[in-house]
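The values are calculated or read from the model by the stated rules, or taken from the named source; none is laboratory data. Everything numeric in this text was worked out from a predicted model, so none of it was measured. Neighbour counts are summed over all protein chains in view; Cβ atoms, including those assigned to glycine, are modelled from backbone coordinates with ideal geometry.
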Amino acid sequence: MNRYTLSVLVENQPGVLSKVVALFSRRGFNIHSLAVGPAQDETVSCITIVVNGDEHTVEQVEKQLNKVIPVIKVRNLGQPGEHVSCGLALVKVQCEADRIEGMMQIAKLFGAEPVDVAAGLVTYKLAGETEKIENFVDALQSYGIREIVRTGQIAIEKSGRTQ
């Protein structure tokens with residue numbers, strides 16, 4: 001099963017997100033990741049949805065989304081590598097004095113930055129593709145991860161890609 005990313009422009013009004021999510025629920029489509037934010041025009045929002053499925057399933061999702069009244073435009077950005085995407089993670093890690101240097105090296109290697117430091121704990125912020133974030137989390141497992149929060153992926157077409 002492949003992972004596809006859809007960019008859905010919608011009217012920025014109450015209840016639109018629930019209509020979009022309800023469509024997925026009614027049709028039995030699974031959402032892997034979902035992120036919503038304002039578009040360039042403040043009357044429009046962009047919903048980035050990552051779904052698992054085959055081409056037929058994604059086509060069905062697109063057709064159904066286009067039937068939802070507040071939806072302005074649906075674009076299939078394709079599979080990973082066909083678009084630019086990014087997620088954000090905050091990872092709170094136990095920080096023992098004798099192991100801090102190794103943890104700092106891992107963070108530097110991944111491009112993560114410390115955003116909160118307290119006695120015995122460091123919280124790192126990392127932005128990147130899903131695989132990068134998952135690899136960072138895996139690399140920190142032995143230090144004692146206390147908490148992780150993540151956003152859904154956001155995505156945009158690669159420059160020069162036509163649809």
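Across the range 56-77, the number of residues qualifying as more than 18 Å from Glu157 (Cβ to Cβ) and among the charged types (D, E, K, R) comes to 3.
Screening the range 118-141 for residues that are at pLDDT 95 or above and among the polar types (S, T, N, Q) and picking the one that is surrounded by the most Cβ atoms within 10 Å (Cβ to Cβ) gives Thr123.
When Cys95, Cys86, Cys46 are checked against the criterion of being touching a residue at least 12 places away in the same chain (Cβ under 8 Å) and over 30 Å from Ala139 (Cβ atoms), Cys46 stands alone in meeting it.
Each row is one residue, and each column tells you yes or no for (1) at pLDDT below 95; (2) within 26 Å of Pro14 (Cα to Cα).
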{"residue": "Gln60", "(1), (2)": "yes, yes"}
{"residue": "Val68", "(1), (2)": "yes, yes"}
{"residue": "Val84", "(1), (2)": "yes, no"}
{"residue": "Gly87", "(1), (2)": "no, yes"}
{"residue": "Glu101", "(1), (2)": "yes, no"}
{"residue": "Lys108", "(1), (2)": "no, no"}
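The single residue among Lys73, Lys63 that is out of contact with any strand residue (DSSP E or B) (no Cβ under 7 Å at 6 or more places or on another chain), basic (Lys, Arg) and surrounded by fewer than 19 Cβ atoms within 10 Å (Cβ to Cβ) turns out to be Lys63. Within the range 49-88, the residues that satisfy the criterion of being among the β-branched types (Val, Ile, Thr) and closer than 13 Å to Thr5 by Cα are Ile49, Val50, Val51, Thr57, Val58, Val61, Val74, Val84.
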